[in-house]
1. Per-residue HN-Hα couplings for region 8-25, Karplus 6.51 cos²θ - 1.76 cosθ + 1.60 at θ = phi - 60°, whole Hz, x for Gly and Pro?
2. Work out from phi, with θ = phi - 60° and the Karplus expression 6.51 cos²θ - 1.76 cosθ + 1.60, the ³J(HN,Hα) of each residue of region 256-261, listed in order in whole Hz, and give x for Gly and Pro.
3. Just want the ordering: 202, 323, from fewest to most Cβ atoms lying within 10 Å of their own Cβ.
4. Just 48, 241, 12 to compare: in a GNM of the chain, with alpha carbon springs under 10 Å, which one fluctuates most?
5. Under a GNM of the chain (C-alpha, springs under 10 Å), which listed residue has the highest mean-square fluctuation: 134, 114, 204?
6. Could you order peptides 262-270, 187-195, 284-292 by the average number of other Cβ atoms within 10 Å of their residues, highest first?
7. For a quick check, take a GNM of the chain with Cα springs below 10 Å and name the residue from 70, 216, 15 with the largest mean-square fluctuation.
8. Under the Karplus relation 6.51 cos²θ - 1.76 cosθ + 1.60, θ = phi - 60°, what is the ordered set of whole-Hz ³J(HN,Hα) values for region 179-187, x standing for Gly and Pro?
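Just so it is clear, none of the values below were taken in a lab; they were calculated from the coordinates. Worth saying up front: this structure is predicted, and the values here are computed from it rather than measured. Heads up, the Cβs are rebuilt from the backbone with ideal geometry, glycines too, and the neighbour counts pull from every protein chain shown.
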Amino acid sequence: MSAQSLAPYCRILARGPGRSRSFTQGEAAEVMRLMLSGQAEPEALGAILMLLRMKGETAEEIAGFAEAAREALPQIPRPALDWPSYAAGRTRGLPFFLLAARLVAQGGHPVLLHGWNSEHHMAEGASVRAALPHAGIPVAGSVPEAGALLAGSGIAYLPLERFQPGLLDLLRLRDRLGVRSCINTVLRVLNPARAAASVQGVFHPPYRELQADAGRLLGQQALTVIKGGGGEFERNPLKEISLFGLREGAPLDRLAPARMAETGRLNRGWSDPALLARLWSGDWADDFSLQIVLGTAELALDTLGLADPGAEARRLWGARAGVAA
């Protein structure tokens with residue numbers, strides 16, 4: 001059997017009722033190393049991803065995959081906060097969470113956003129990336145540039161293809177397989193720069209606990225996972241929200257009350273990303289959108305350990321750079 005073969009790992013998952021089992025964290029790490037080597041059999045690779053999809057991934061498997069994927073990464077300057085953005089390319093409406101990330105960064109907490117949108121969503125202009133310039137967030141063309149941006153402005157968006165193209169190749173297998181794979185979850189927990197604090201969004205609620213448990217296995221100290229807008233870390237101010245994650249390495253499981261009394265959908269039908277710049281500058285006032293920003297920033301600041309994150313979010317909004325007093 002070739003040293004690069006994934007076949008033994010296929011057998012672990014597919015030996016049938018009573019004989020198959022999940023990967024250990026160590027086995028999952030070795031599977032990811034083989035996947036990223038570029039020498040794994042494509043049939044076995046696809047089989048493993050679909051077997052995991054059918055049985056459901058475990059925290060040990062996700063942690064093992066992320067652990068091995070980190071080993072293959074270039075050294076990325078460590079920010080205060082890790083902020084993954086790997087949803088399908090659009091939030092449930094405009095990505096106001098980008099303004100929350102900028103607000104946190106302007107409070108002196110460097111934020112590294114990293115992500116990917118499908119070619120379809122990037123082409124139609126509905127992606128997070130299309131909104132980044134309107135949110136005042138620079139895009140890094142390389143890992144060194146991300147470091148320079150973090151040192152200079154305290155925030156950067158690092159595209160997946162600029163720091164781990166191998167993971168992007170695995171992610172894009174969705175187009176051939178027809179369904180998402182565990183790679184989507186691995187990217188959310190990856191924390192490529194190993195920040196002490198991380199915020200993560202999910203679309204399907206069961207993944208909140210899975211990602212929190214994987215974070216614990218990876219030694220993450222501070223983490224907040226929510227069911228966010230379109231799968232991003234974006235708070236809906238109209239709803240009570242369940243918070244999962246970690247604080248000082250211990251499990252977090254609590255509720256945060258709704259911020260507004262009204263009911264309605266997160267997506268208000270807005271499609272022009274220039275509204276983000278207008279909200280930031282004060283040229284456009286909308287309390288609903290503002291509550292998305294403040295509520296999301298509050299959760300991020302809470303993850304960073306601030307004693308009164310709500311008050312700090314409001315203070316930062318009132319003192320945001322580039323806005324006249």
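1. After applying 6.51 cos²θ - 1.76 cosθ + 1.60, I find x, 6, 4, 5, 4, 7, 10, 6, x, x, x, 10, 6, 8, 7, 6, 6, 4 Hz.
2. 10, x, 4, 8, 9, 7
3. Ranked by crowding around the Cβ, least crowded first: 323, 202.
4. Comparing 48, 241, 12 in a Gaussian network model of the chain, the most mobile one is 12.
5. Among 134, 114, 204, the largest GNM mean-square fluctuation belongs to 204.
6. Details: 262-270: 11.4, 187-195: 24.9, 284-292: 16.3.
The peptides rank, most packed first, as 187-195, 284-292, 262-270.
7. Between 70, 216, 15, it is 15 that shows the largest mean-square fluctuation.
8. Working through the residues one at a time gives 9, 5, 10, 5, 4, 4, 6, 4, 5 Hz.
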